1. Find the residue count for the stretch 61-85, including only residues that are exposed (fewer than 13 other Cβ atoms within 10 Å of the Cβ) and under 11 Å from residue 41 (Cβ atoms).
2. In the stretch 53-85, what count of residues is obtained for those that are over 24 Å from residue 35 (Cβ atoms) and within 23 Å of the chain's Cα centre (by Cα)?
3. Restricting the search to the stretch 40-60, which residues are surrounded by 11 or more Cβ atoms within 10 Å (Cβ to Cβ) and part of a loop (DSSP other than H, G, I, E, B)?
């Protein structure tokens, strides 16, 4: 009986980096890290705007620091990692 679903495809999809570079699509995907990182850094401004709106409308400090500020920090960190990789 043959296996069905994603479990049979996962070993074929997980290629090491040196094999990924050999594929034309893999080289393009590795170059796109800079573009994705820039978009993540640009997108991290949106939660900061949300935090400002929440603060100015009298919302709780946990909402604008914890939720929106935390989201902006995680997005900025992810963008920096993508830019540096």
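1. Residues flagged as exposed (fewer than 13 other Cβ atoms within 10 Å of the Cβ) and under 11 Å from residue 41 (Cβ atoms) within the stretch 61-85 amount to 1.
2. Step one: list which residues in the stretch 53-85 are over 24 Å from residue 35 (Cβ atoms), which gives 53-70.
Remaining after also requiring within 23 Å of the chain's Cα centre (by Cα): 63-70.
Total satisfying the criteria: 8.
3. Step one: of the stretch 40-60, the residues surrounded by 11 or more Cβ atoms within 10 Å (Cβ to Cβ) are 40-55, 59-60.
Once the filter is applied, which keeps residues that are surrounded by 11 or more Cβ atoms within 10 Å (Cβ to Cβ) and part of a loop (DSSP other than H, G, I, E, B), the stretch 40-60 yields 44, 59, 60.
Only the coordinates and a few stated rules stand behind these numbers; no lab work does. Here the structure is a predicted model, which is why all the values come from computation and not from measurement. Here Cβ is always computed from backbone atoms with ideal geometry, including for glycine, and neighbour counts include all displayed protein chains.
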